[in-house]
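Taken together, the values in this text are just the output of simple stated rules run on the coordinates, not laboratory data. These numbers come from a predicted model, not from an experiment. No Cβ is skipped: glycine too gets one built from the backbone with ideal geometry, and neighbour counts run over all protein chains shown.
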């Protein structure tokens, strides 16, 4: 069995400000660093062979905090980056909603109808993330690894594994910062063992 522990990066400055991030980046907040350390403590007894991350600074920061003192390689890959949001990136959500209300509504509520002038569709991300997931599982067969990525990519992975329709893209657990999702592949079949879990957050 191949087990992939998947998480979203910790809270960032732009998350707090309500900005669309996409391929652009902002650093983790102090809380974001703590969230990553909480997950690191939860995974302390898990035998991981490696940590994989997108090439964005916020995921690499998160991966480093989760790793802590463990001697694990962190392998970055551009294919795990967040959805390309084109001209929306770095913009405040309320500004985007005001200027492009229909497309903004489709982005959050009608994924199959979201068609950007510049950037990626949800189907683009599902194909990109699904292809990369299969490559990762093949290269790490029989191992347990950690993948640090982004909210839309996480949802795309779940859509791929569960063969969801585009209309159901946002269904299921909300992907909070450093929430934990576990995907398993055995005998050529994928299974979602855990989705968007945050029990490592202090109560």
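Taking every alpha-carbon pair in region 1-92 and binning the separations at 10 Å intervals from zero gives 17, 47, 28, 8, 0 percent.
If packing is taken as the average number of other Cβ atoms within 10 Å across a peptide's residues, how do 183-191, 81-89, 13-21 rank, most packed first? Let's see the in-between values first.
Working: 183-191: 13.6, 81-89: 20.9, 13-21: 17.0.
Per-residue mean Cβ counts within 10 Å order the peptides as 81-89, 13-21, 183-191.
The base-10 log of I(q)/I(0) for region 123-203, evaluated at q = 0.11, 0.15 Å⁻¹, reads -0.28, -0.53 [Debye formula, identical scatterers on Cα atoms, solvent excluded].
Nearest 500 deg cm²/dmol is fine: what mean residue ellipticity at 222 nm does the chain get from its DSSP H runs of n ≥ 4 alone, each adding -39,500 (n - 2.57), divided by its residue count? Could you put the intermediate results ahead of the total?
Working: 7 runs with 75 residues, N = 203.
It comes out at -11000 deg cm²/dmol, rounded to the nearest 500.
Relative contact order of the chain: 32 percent, from C-alpha pairs under 8 Å at least 6 residues apart in sequence.
Name the most mobile residue of 137, 63, 156, meaning the one with the largest mean-square fluctuation, in a Gaussian network model of the chain with Cα contacts below 10 Å. In the Gaussian network model the winner is 137. Along the Cα-to-Cβ line of residue 134, 7 Å from the Cα, sits a label point; which residues in region 69-85 have backbone N less than 17 Å from it? Backbone N within reach: 79-80.
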